[in-house]
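Each remark here refers to the structure printed beneath this line.
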Amino acid sequence: ASSPPDLARVREATVLLDASAQLLPPPLAPRLTDLRRALDADDASHVRRAARALVGLGPGLTPSGDDILCGALLASRAWGGPLAPLSEAVADASLRTPLLSAALLRHAVRGECVPQAHAFLRAVSGDGALEPALRELLAVGHHSGGDLARGVLAVGLGRAGATPGDRADYPLK
């Protein structure tokens with residue numbers, strides 16, 4: 001992304017995502033909440049711990065927790081988020097998640113992603129139409145696109161200048 005996230009677009013994307021994406025399975029929702037709280041607190045050890053708890057969690061060849069982390073890693077690289085603690089949390093992913101998912105996490109650490117995720121990051125930053133970018137990202141995999149978007153928006157809320165009260169209004173379910 002060429003510029004930081006726009007708070008109005010982050011809010012709009014969050015509402016669209018909550019209306020369009022599949023719900024997170026029950027074990028994932030509290031883990032995503034933990035990650036969002038850690039990101040809000042901007043505490044590296046809390047971010048690392050919350051991120052580690054997501055590795056390998058959830059259904060799919062690329063588990064939902066890994067997809068969320070890919071989104072958070074990409075957004076952190078693009079917008080200056082907590083890249084180091086997130087990267088440390090996934091460093092041993094090949095021991096805890098399917099190899100394909102571990103490879104995608106390694107790519108996300110380097111800022112490499114599918115074109116749909118790149119377009120969504122740019123749209124959240126104000127470069128391009130938001131709704132079509134989200135729709136195209138949601139078409140990636142069975143649940144992966146929605147989970148990538150959740151990770152991007154978890155970082156985006158803080159980087160766009162939302163206050164903790166603002167962030168509480170956006171559950172990213």
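Each reported figure results from applying straightforward, stated rules to the coordinates on display, with no laboratory input. Please read these numbers as outputs of a predicted model, since none were measured by experiment. Note: ideal-geometry Cβ built from the backbone for every residue, glycine included; neighbour counts use all protein chains shown.
Once you have a ≥ b ≥ c as the square roots of the Cα gyration tensor eigenvalues for region 3-85, tell me rounded if a/c is under 1.5, and otherwise prolate or oblate according to whether a/b is larger than b/c. Verdict is oblate for region 3-85.
Distance between the pseudo-spin-label points of S3 and H107 (7 Å out from Cα toward the beta carbon): 2.9 nm. Value of Rg to Rh for the chain, rounded to two decimals, is 0.92; Kirkwood radius and Rg both from alpha-carbon coordinates.
The trypsin sites (Lys or Arg not before Pro) found in region 20-122 that occupy coil by DSSP, while having at most 12 further C-beta atoms within 10 Å, are R110.
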